[in-house]
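Enquirer: Okay, handing you the structure first.
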Ligand SMILES: *Cc1c(COP(=O)(O)O)cnc(C)c1O
């Protein structure tokens, strides 16, 4: 393809097949690989021969997926992992040392919040949590230990959006790595193009799209030839990779310091299933984004307390218009005030599956307080925006008019009784 494509990423992710030979990707389900002879073995371990070494460090099927996901975001490389949480662990643990500090800003997925708050804390890493409106407070928290600024493209489930351009500038000024969780908005938001260093995805969600495979990926930008924040003293542990591997240093560092040492590797079969999801990602993303807009507007008009940044009364409506011209994924929430009404609504729905997943081909609904956040403290729930009657909806591929009819039916069934 010589000509610049109008929709490069959509074209790219759909092309999982080979133009010669088997069209569906091959599953190489071998844990280990025979090197043939000692000289080849030496070359593989030292990196001059590119054959497979051992499936914990890399697998041909998974590599195919890594190449496509790196291309989707125009990164220099990607590491595919066994889950989305594994991708977050990989990216963070490959950069952090004991006594380093992290700044999280905006809404956070429950697992991510407890990863930083509880688990990273046990390893001597302190995390500061700011809400989406506190971008201007970031600088006051920065010190020589600040290593990572972490945020989500759109907070799950609080639907907040952060001022990404400001964060990127601050991080650059103070040599701090930026990591975005772009799980909800692949293809829609292009994080590396905006100057973010690492993009994380739980591929379990819309990338696979049908609940068949747990998976994750971290996509990395290239190290610049001249100035680069990763060449500062703060990141001295990866300087040897920059020296030996150049622009792909962050990828090599993640592979060695996390994938090899912690072993959160993906299975070839899950990588295969995820590749199949990519074939239809672009069309599903578009379809559901349009459905979500239509449903959010209709439910809001009918008087339901809908939380979605496309609504004019939402605090991040301006940022939504700035960053999300093609919608911001599949999720919105409805606040029913109290648990009883939330339960009545969910239990009356014909369409929704009651589950703790998002961005599936089916419509999903879940009461937040009693499930994902049941062991969170009152303060934590307040910070994450989890009220007693909050229901998270993830829109699927059904006809949006049918979803609206089902939701309004369930809403009126108990609101009038
Ligand atoms: C689901 C999810 C994760 C975790 O992904 P898993 O594949 O379940 O480990 C992380 N971030 C966001 C935004 C998610 O929705």
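Enquirer: Helices (runs of 4 or more DSSP H) wholly in the range 314-404 with at least 3 residues that are exposed (fewer than 15 other Cβ atoms within 10 Å of the Cβ) - which ones?
Expert: It comes to 317-323, 378-384.
Enquirer: Can you list residue pairs whose Cβ atoms sit under 6 Å apart, with the first residue in the range 173-186 being over 22 Å from residue 206 (Cβ atoms) and the second being within 16 Å of the ligand (Cβ to nearest atom)? Count only pairs 6 or more apart in sequence or on different chains.
Expert: 177/148; 178/196
So that you can scan it fast, the table gives a plain yes or no per residue for (1) outside the structural domain of residue 224 (by TED's automatic domain parsing); (2) in a strand (DSSP E or B); (3) touching a residue at least 60 places away in the same chain (Cβ under 8 Å); (4) closer than 23 Å to residue 282 by Cα:
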{"position": "12", "(1), (2), (3), (4)": "no, no, yes, yes"}
{"position": "23", "(1), (2), (3), (4)": "no, no, no, yes"}
{"position": "34", "(1), (2), (3), (4)": "no, no, no, no"}
{"position": "42", "(1), (2), (3), (4)": "no, no, no, no"}
{"position": "50", "(1), (2), (3), (4)": "no, no, no, no"}
{"position": "58", "(1), (2), (3), (4)": "no, no, yes, no"}
{"position": "61", "(1), (2), (3), (4)": "no, no, yes, yes"}
{"position": "67", "(1), (2), (3), (4)": "no, no, no, yes"}
{"position": "71", "(1), (2), (3), (4)": "no, no, yes, yes"}
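Enquirer: Take the range 208-231 and flag every residue that is out of contact with any strand residue (DSSP E or B) (no Cβ under 6 Å at 6 or more places or on another chain) and under 20 Å from residue 108 (Cα atoms). I'd like the intermediate steps shown before the answer.
Expert: Going through the range 208-231, the residues out of contact with any strand residue (DSSP E or B) (no Cβ under 6 Å at 6 or more places or on another chain) turn out to be 208-215, 221-231.
Of everything in the range 208-231, those that are out of contact with any strand residue (DSSP E or B) (no Cβ under 6 Å at 6 or more places or on another chain) and under 20 Å from residue 108 (Cα atoms) turn out to be 214, 215.
Enquirer: Another question about this same structure. If residue 119 satisfies every condition in (1) touching a strand residue (DSSP E or B) at 6+ places or on another chain (Cβ under 8 Å); (2) at negative phi but one, which is the exception?
Expert: For residue 119, the exception is condition (1).
Enquirer: Please go through (1) surrounded by 21 or more Cβ atoms within 10 Å (Cβ to Cβ); (2) within 14 Å of the ligand (Cβ to nearest atom) for residue 212 and return the number of the only condition it doesn't satisfy.
Expert: (1)
Enquirer: Taking the range 335-357 on its own, how many of its residues are modelled with pLDDT of 95 or more and within 16 Å of the ligand (Cβ to nearest atom)?
Expert: Qualifying residue count, the range 335-357: 2.
Enquirer: Confirm whether residue 135 is under 16 Å from the mean Cα position of the chain (by Cα), crowded, with 18+ Cβ neighbours inside 10 Å and either away from the ligand (no atom under 16 Å from the Cβ) or not assigned by TED's automatic domain parsing to the domain that holds residue 307 (or both).
Expert: For residue 135, the condition - under 16 Å from the mean Cα position of the chain (by Cα), crowded, with 18+ Cβ neighbours inside 10 Å and either away from the ligand (no atom under 16 Å from the Cβ) or not assigned by TED's automatic domain parsing to the domain that holds residue 307 (or both) - is not met.
Enquirer: Does the range 317-344 hold any residues that are over 27 Å from residue 209 (Cα atoms) and touching a residue at least 60 places away in the same chain (Cβ under 8 Å), and which are they?
Expert: Within the range 317-344, 341, 344 qualify.
Enquirer: Go over the candidates 161, 180 one by one and state the one that is within 15 Å of the ligand (Cβ to nearest atom), farther than 16 Å from residue 258 by Cβ and part of a loop (DSSP other than H, G, I, E, B). Spell out how you get there, then give the answer.
Expert: Values: 180 fails: part of a loop (DSSP other than H, G, I, E, B).
From the options 161, 180, the qualifying one is 161.
Enquirer: Out of curiosity, is residue 200 away from the ligand (no atom under 16 Å from the Cβ), outside the structural domain of residue 333 (by TED's automatic domain parsing) and at pLDDT 95 or above? Reasoning before the result, please.
Expert: Values: away from the ligand (no atom under 16 Å from the Cβ): no; outside the structural domain of residue 333 (by TED's automatic domain parsing): yes; at pLDDT 95 or above: yes.
Spelling it out, it is not the case that residue 200 is away from the ligand (no atom under 16 Å from the Cβ), outside the structural domain of residue 333 (by TED's automatic domain parsing) and at pLDDT 95 or above.
Enquirer: Here's something else I'd like to know. Evaluate the range 183-193: report whether one residue or more is in a strand (DSSP E or B), closer than 22 Å to residue 254 by Cα and within 15 Å of the ligand (Cβ to nearest atom).
Expert: No: zero hits.
Enquirer: A further question on this structure: For residue 108, all conditions in the list (1) surrounded by 24 or more Cβ atoms within 10 Å (Cβ to Cβ); (2) at pLDDT 95 or above; (3) within 16 Å of the ligand (Cβ to nearest atom) hold save one; what is the number of the exception?
Expert: The one condition residue 108 does not meet is (2).
Enquirer: I'd like to check something: does the range 204-220 contain any residue that is under 23 Å from residue 363 (Cβ atoms), under 22 Å from the mean Cα position of the chain (by Cα) and in a strand (DSSP E or B)?
Expert: Looking only at the range 204-220, we keep the residues that are under 23 Å from residue 363 (Cβ atoms), and these are 204-215.
Now restrict to residues that are under 22 Å from the mean Cα position of the chain (by Cα): 204-215.
When the remaining residues are screened for being in a strand (DSSP E or B), the result is none.
No, that holds for no residue.
Enquirer: Report, by residue number, each residue of the range 221-267 that is touching a residue at least 24 places away in the same chain (Cβ under 8 Å), in contact with a helix residue (DSSP H, G or I) (Cβ under 9 Å, 6 or more places away or on another chain), away from the ligand (no atom under 16 Å from the Cβ) and assigned to a loop (DSSP other than H, G, I, E, B).
Expert: 221, 222, 223
Enquirer: Right, another one. Based on what the data block shows, is residue 95 under 24 Å from residue 202 (Cβ atoms), part of a loop (DSSP other than H, G, I, E, B), touching a strand residue (DSSP E or B) at 6+ places or on another chain (Cβ under 8 Å) and modelled with pLDDT of 95 or more?
Expert: yes
The values are calculated or read from the model by the stated rules, or taken from the named source; none is laboratory data. Small disclaimer: the values here were computed from a predicted structure and weren't measured. Counting neighbours? That spans all protein chains shown, and the Cβs are built from the backbone with ideal geometry, glycine included.
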